[in-house]
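A quick write-up on the structure given underneath.
Just so it is clear, none of the values below were taken in a lab; they were calculated from the coordinates. Predicted model, so just to flag it, every value in this text is computed and none were measured. Cβ: placed from backbone, ideal geometry, glycine included. Neighbour counts: every protein chain shown.
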Amino acid sequence: MSRDQGSFVRKAALAGLIGLCATSVAFAQTAAPATGLGQSWPNAADVSTSPNWHVYVFVLNGIKYIQVNDLNGTVHAAVGTANGTSIVLPVGVDSQNVAEGTQNAPASTSSSAASVTSSSAQTVYQDGSTTVTVTPQSSGATKFTVLSSVLCPSSCSGGGGS
């Protein structure tokens with residue numbers, strides 16, 4: 001092999017190696033989808049707004065699933081939400097203690113859960129359309145309240161026709 005051919009092979013190999021490294025970095029930056037709904041320690045980020053609870057969010061086919069676990073990993077409740085509607089999933093030890101509601105909210109503002117929370121309620125999750133609160137009960141049970149907002153134009157109101 002001549003000196004020019006050896007130099008060409010080294011340069012080609014180096015270019016291939018750089019390309020392979022760049023591709024690996026691109027794949028590493030792509031987040032894996034969250035999985036494990038119903039599990040104690042799912043493969044998802046903890047997005048809780050409370051240091052007393054773990055909250056995990058999963059999204060599949062336009063439906064957002066929110067799961068609330070205690071600090072020991074026990075699944076307490078899970079709900080699915082889409083377009084201002086929520087449904088309680090039969091997941092967790094407190095699934096029977098989940099209350100759900102909706103309210104209309106102008107598209108330019110986010111909802112406030114203050115109207116549905118009591119003084120002992122603690123917000124554990126909140127985004128632009130959904131708020132989840134946890135309220136300890138005197139019986140020792142825990143009540144979960146899910147408030148989903150329907151984002152609508154400023155002309156949206158609870159009464160009258162359109």
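Worth a mention:
- Per-residue Cβ neighbour counts within 10 Å put S40, S139, S86 in the sequence S139, S40, S86, beginning with the fewest.
- Net length gained if the chain between L60 and N83 were fully extended (0.36 nm per residue, minus Cα distance): 6.9 nm
- Here the residues V88, V93, V79, ranked from fewest to most Cβ neighbours within 10 Å of their Cβ, fall in the order V93, V88, V79.
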